[in-house]
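Reading through the structure tokens given below for one structure.
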Amino acid sequence: MKLKVAKFGGSSLCDASQFQKVKKIVDRDPQRKFIVPSAPGKRHREDIKITDLLYLCHAQVSHRVPFSEIFKVISDRYHQIAKELSIPIDLSKILLDVEDQIASGASLDYVASRGEYLNALLLAAYLDCQFLDAADVIKFHEDETIDLTKTQKEIESYVQNEHRYVIPGFYGSLPDGSIKIFPRGGSDISGAIIAKTVNASIYENWTDVSGFLVTDPGIVPGCRPIKTITYRELRELSYMGAKVLHEETIFPVLEAGIPINVKNTNEPENPGTMIVSYRDPIDPPGSITGIAGRKDFTVLAIEKNLMKSDISFVRKLLSILENHQVRFEHIPSGIDSLSLVIKSSELSGKLDKLIEDIHVHCKPDLLEIHPNMALVATVGHGMAYTPGISSKLFTALYESGVNVRMIDQGSSEINIIVGVENKDFEKAVASIYQAFIG
Ligand code: ADP
Ligand code: ASP
Ligand code: MG
């Protein structure tokens, strides 16, 4: 039988009524064999995610501040869901044990992972499925990278039988048995790893929007959904900030060509977005697929006469970054100029010394620092080798009064990135959307 992996995000499991929707979705299709839940997310705008509360508990303990009030908020949420749905499981003892572990200084990874662990126990009991602890099946190497071979070996024995399994997202275990979490939002990655290792026919990612939208609905309300998108476009968009899927989600499924279907728990009939290797028919020239971006970058603009004739210039510059353990995002360059685009958070506490080193070792004629910059990426296979795309994009920005401070276009031409000031970020995204989508 073909089997599916279905991951449900925090918004899809934030309360009892969302649990009911998830049950309907799972029950409807027997191929949905591996269910991967996140921890309960926000029920409304001002609410706090369970994972954030767990991080807070850990921080309180490390500052020797009591955390029992925060932990009670966590316990109450699980108890409330269990009570409203009469789920036949008593989490009291397990919650007490988790509280004890936190109090006695358990690792941050262990503490953060308990949101998914508890939610998966609850969901498994509600769906009448088997609970399978991610620590027993999702395996990391000692260097903290994922061990796909071992994971596949652990999970294989569960593929052939008739049971359905709930496996918590967001974490796995290291060779010494300790818990290791993925980066924030990482339940998406857990789902992709499980899909790959059980050779799923599809990886369903259930969330609170009807698929991947052309841009962030928080910036362009009611913006259009994308029917199909390639892994490559998705990678560019999620790396640049489209938050729907964690940026690393595609890697496990990419090679196996397992499609990802982003769907809406609140509107399950909507086909959502299919993420695939190739798109057919090919996009019309001049079309775009999506727009994404992030705020809070710093651009170091460097000028030096005859820069290109100094063959060691870029190497010296990059060695300085390496020495300071600062990662860069982009390096657009001109004849005698070069810009380093760096996340501002990477530079915190390091900027002054970094600048000093650049002056000493690279001797630039000019070095300017532009903080508070945002990057906006416009992505799509339809943009490649199409004249007029850039002029349409820059006209849109110009007409809405956005000052473009930096331009970077990858050689594949499926991505044009512009740097604008933080304050112009939303305006820039909205004006590009208006120009290309209308
Ligand atoms: P989950 O809780 O299911 O993991 P996330 O909050 O991680 O969900 O991701 C879904 C959210 O991503 C949406 O509610 C939406 O606000 C936001 N988002 C940002 N960019 C986009 C986009 N391009 N398409 C759809 N949603 C987006
Ligand atoms: N609960 C985790 C987080 O909030 C993982 C996830 O939701 O994917 O980051
Ligand atoms: Mg998410």
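The values are calculated or read from the model by the stated rules, or taken from the named source; none is laboratory data. The structure presented is a predicted model; accordingly, all values stated were derived computationally and were not measured. Glycine also receives a Cβ, built like all others from the backbone with ideal geometry; neighbour counts cover every protein chain displayed. Accessible surface areas use protein heavy atoms only, side chains included; no ligands, DNA or RNA. Shrake-Rupley method; radii C 1.70, N 1.55, O 1.52, S 1.80 Å.
Looking at region 4-19 only, could you name the residues that are away from ligand 1 (no atom under 14 Å from the Cβ), in contact with a Phe, Trp or Tyr (Cβ under 9 Å, 6 or more places away or on another chain) and open to solvent by 10 Å² or more (accessible area, probe 1.4 Å)? Once the filter is applied, which keeps residues that are away from ligand 1 (no atom under 14 Å from the Cβ), in contact with a Phe, Trp or Tyr (Cβ under 9 Å, 6 or more places away or on another chain) and open to solvent by 10 Å² or more (accessible area, probe 1.4 Å), region 4-19 yields only Lys4. With respect to (1) in contact with a His (Cβ under 6 Å, 6 or more places away or on another chain); (2) farther than 26 Å from Gly218 by Cα, the lone exception for Ile414 is condition (2). From the list Ile70, Ile102, Ile81, Ile74, which one is part of a helix (DSSP H, G or I) and more than 27 Å from Val22 (Cβ to Cβ)? Going through Ile70, Ile102, Ile81, Ile74 in turn, the sole match is Ile102. Apart from one condition, Arg64 fits all of (1) outside any helix (DSSP H, G or I); (2) free of Cβ contacts under 8 Å to residues at least 24 places away in the same chain; (3) open to solvent by less than 70 Å² (accessible area, probe 1.4 Å); the exception is (3).
Out of all the residues in region 172-181, is one or more more than 26 Å from the chain's Cα centre (by Cα) and under 23 Å from Pro40 (Cα atoms)? No, because not a single residue in region 172-181 is more than 26 Å from the chain's Cα centre (by Cα) and under 23 Å from Pro40 (Cα atoms). Can you tell me which residue among Asp27, Asp109 is open to solvent by 70 Å² or more (accessible area, probe 1.4 Å) and within 28 Å of Ile189 (Cα to Cα)? Within the list Asp27, Asp109, the selection yields Asp27. The residues in region 133-185 that are of a type outside the set (A, V, I, L, M, F, W, C), buried (at least 22 other Cβ atoms within 10 Å of the Cβ) and within 16 Å of ligand 3 (Cβ to nearest atom) can be counted, and the count is 3. Do we have Ala134 as in contact with an Asp or Glu (Cβ under 8 Å, 6 or more places away or on another chain) and small (Gly, Ala, Ser) here? Taking the combined requirement at face value, the residue satisfies it. So, of the residues in region 20-44 that are assigned to a loop (DSSP other than H, G, I, E, B) and under 17 Å from Leu122 (Cβ atoms), which turns out to be farthest from ligand 1 (Cβ to nearest atom)? Once the filter is applied, the top-ranked residue is Arg43. Among the residues making up region 326-362, a single one is among the acidic types (Asp, Glu) and in contact with a His (Cβ under 8 Å, 6 or more places away or on another chain): Asp357. The number of residues in region 137-186 that are modelled with pLDDT under 95 and of a type in the set (Gly, Ala, Ser) comes to 1.
As a summary of the residue check, Leu245 satisfies the conditions (1) open to solvent by 30 Å² or more (accessible area, probe 1.4 Å); (2) within 16 Å of ligand 3 (Cβ to nearest atom); (3) in contact with a helix residue (DSSP H, G or I) (Cβ under 6 Å, 6 or more places away or on another chain); (4) under 24 Å from Gln20 (Cα atoms) except for the one numbered (1). Of all residues in region 207-228, which are on the phi < 0 side of the Ramachandran plot and more than 7 Å from ligand 1 (Cβ to nearest atom)? Those that are on the phi < 0 side of the Ramachandran plot and more than 7 Å from ligand 1 (Cβ to nearest atom): Ser210, Ile219, Val220, Pro221, Cys223, Arg224, Pro225, Ile226, Lys227, Thr228. Quick check on region 35-56. Is at least one of its residues away from ligand 3 (no atom under 16 Å from the Cβ), in contact (Cβ under 8 Å) with a residue 24 or more places away in the chain, open to solvent by 30 Å² or more (accessible area, probe 1.4 Å) and not aromatic (Phe, Trp, Tyr)? No - not one qualifying residue is present in region 35-56. Out of Asp143, Asp147, one residue alone is more than 10 Å from ligand 1 (Cβ to nearest atom) and in contact with a strand residue (DSSP E or B) (Cβ under 6 Å, 6 or more places away or on another chain). It is Asp147. When region 229-242 is limited to residues that are charged (D, E, K, R) and away from ligand 1 (no atom under 13 Å from the Cβ), the one that is least open to solvent (accessible area, probe 1.4 Å) turns out to be Arg235. Would it be correct to say that Ile94 is aliphatic (A, V, I, L, M) and either open to solvent by 10 Å² or more (accessible area, probe 1.4 Å) or farther than 25 Å from Gly186 by Cα (or both)? Answer is yes for this residue. All told, Asn403 falls short of being in contact with an Asp or Glu (Cβ under 8 Å, 6 or more places away or on another chain), in a strand (DSSP E or B) and open to solvent by 50 Å² or more (accessible area, probe 1.4 Å). What's the total number of residues in region 269-279 that are assigned to a loop (DSSP other than H, G, I, E, B) and open to solvent by less than 50 Å² (accessible area, probe 1.4 Å)? Residues flagged as assigned to a loop (DSSP other than H, G, I, E, B) and open to solvent by less than 50 Å² (accessible area, probe 1.4 Å) within region 269-279 amount to 3. The set of residues in region 103-123 that are aliphatic (A, V, I, L, M) and either more than 22 Å from Lys180 (Cβ to Cβ) or within 16 Å of ligand 2 (Cβ to nearest atom) (or both) comprises Leu108, Val111, Ala112, Leu118, Ala120, Leu121, Leu122, Leu123.
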